[in-house]
């Protein structure tokens, strides 16, 4: 184990995360149980993603603020997976070697080591590959709950979603297939459109169309899409973008359908316009989704059972890990080298160039 821990903090709130996030080093907390708070555990972070919520927190636009600080600066990071290195005297449900993820936001996962209250952690199967495990809470859980809680679905129902190549949409596509539903995945036009579309079809997407095709041709953009709309089978729209993209999804819904917004990839200031046909004649229901709210409806044992089931699906191959960009978090490298790596990943996550994958830091242990 390296003699030093590495910690990311941000010096001020800014929409330019790459500018304000910096790397710090510190001594690793001792593993002696008597030196760890009785109700806490020492963790070694194995993987953590850059999520939109993290960037919003750094920009000062997310309601949950970082709880922990280093050198008087907030430590960002809401998600990730860690290995328990040592436990406090009062901790009974965790032991060294267990893998855990955060139970709540704001715990500051962007670091190599952390001492956190055991009550703030959920145990997950240690056999899951770290990058995949780091996506369980903010990837698999919202995808499952969007289908489970937002609308009663039956086999044969159709779900339409945008940002189809994102982590949550890829998970939604797979969970929909498991429950016998069909999906329309909307993505942006690109040079490798067919290759991306084929990859989405391989995990269960029935129809893949581009935003541009949908804007220009509407329901006639694809024969199966047209049939599903004409037969009033599209009952759920899952919007991660908002604005014009969300409007196009709403237009495909059957009467009494449900529209759910759970993200604002198109910009937090976006506007979604409603037509009288959508609101009055078709009586579409509009809902928002917050993971903390829906996940919080479950007890801790229920949450752990759900995460364990996701893990089983991954290990059985019934659920595929979304393709992400694994970024090596090399604790043996100097702070300057790590800082450059972090800045590159933050720039990609912030600017979101077409085709960029979710950035996931993976510890080299």
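Values quoted throughout were computed directly from the atomic coordinates according to the rules given, and no laboratory measurement underlies them. Keep in mind that this is a model prediction, so the values were computed, not measured. Don't worry about glycine lacking a Cβ; one is built from the backbone with ideal geometry, like all the others, and counts go over all protein chains shown.
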Check: Helix 193-202 sits at what angle to the longest principal axis of the chain, using alpha carbons and giving 0 to 90 degrees rounded to 10?
Finding: 80 degrees
Next item on the list: Compute the relative contact order of the stretch 142-293 as a whole-number percentage, counting only Cα pairs closer than 8 Å that sit 6 or more residues apart in sequence.
Entry: 21 percent
Note to self: Compute the angle between helix 300-316 and the longest alpha-carbon principal axis of the chain, please, reported from 0 to 90 degrees and rounded to the nearest 10.
What the structure shows: 80 degrees
Next item on the list: Take every DSSP beta bridge whose two residues both sit in the chain, then give the antiparallel share in percent to the nearest 5.
Entry: 55 percent
Margin query: Taking every alpha carbon pair in the chain, what does the distance histogram look like in 20 angstrom bins from 0, in percent?
Written below: 29, 55, 15, 0
Check: Across 5 Å bins from 0, what is the distribution of all Cα-Cα pair distances for the stretch 142-293, in whole percents?
Finding: 2, 10, 21, 25, 23, 13, 5, 1
Margin query: Can you give me the orientation-averaged projected area of the convex hull built on the Cα atoms of the stretch 33-190, in nm²?
Written below: 11.6 nm²
Notebook entry, point to check: So between residue 179 and residue 343, what do we pick up on full extension, going 0.36 nm a residue minus the alpha carbon distance?
Noted result: 55.0 nm
Notebook entry, point to check: Could you work out the helix-only [θ] at 222 nm for the chain, with each DSSP H run of four or more residues adding -39,500 (n - 2.57) and the total divided by the number of residues, to the nearest 500 deg cm²/dmol?
Noted result: -8500 deg cm²/dmol
Next item on the list: Please work out how much length the chain gains when fully extended from residue 212 to residue 364, using 0.36 nm per residue of separation minus the C-alpha to C-alpha distance, in nm with one decimal.
Entry: 50.6 nm
Check: Roughly how many Å is it from the Cα centre of the stretch 40-67 to that of the stretch 280-328, as a whole number?
Finding: 18 Å
Next item on the list: Output the relative contact order of the stretch 1-106, whole-number percent, from Cα pairs under 8 angstrom with separation of 6+ residues.
Entry: 30 percent
Notebook entry, point to check: In nm, to one decimal, how far is the modelled label at residue 4 from the one at residue 39, with both set 7 Å along Cα→Cβ?
Noted result: 3.4 nm
Checklist line | Using alpha-carbon coordinates, inclination of helix 167-178 to the longest axis of the chain, degrees | finding: 60 degrees
Next item on the list: Send over the semi-axes of the stretch 31-100's equivalent ellipsoid, whole angstrom and largest first, taken as the square roots of 5 times the C-alpha gyration tensor eigenvalues.
Entry: 27, 14, 10
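Can you give the relative contact order of the stretch 243-289 as a percent, counting alpha carbon pairs under 8 Å and 6+ residues apart? Kindly include the intermediate steps, with their values, before the conclusion.
Working: 51 pairs, mean separation 25.2, N = 47.
Value for the stretch 243-289: 54 percent.
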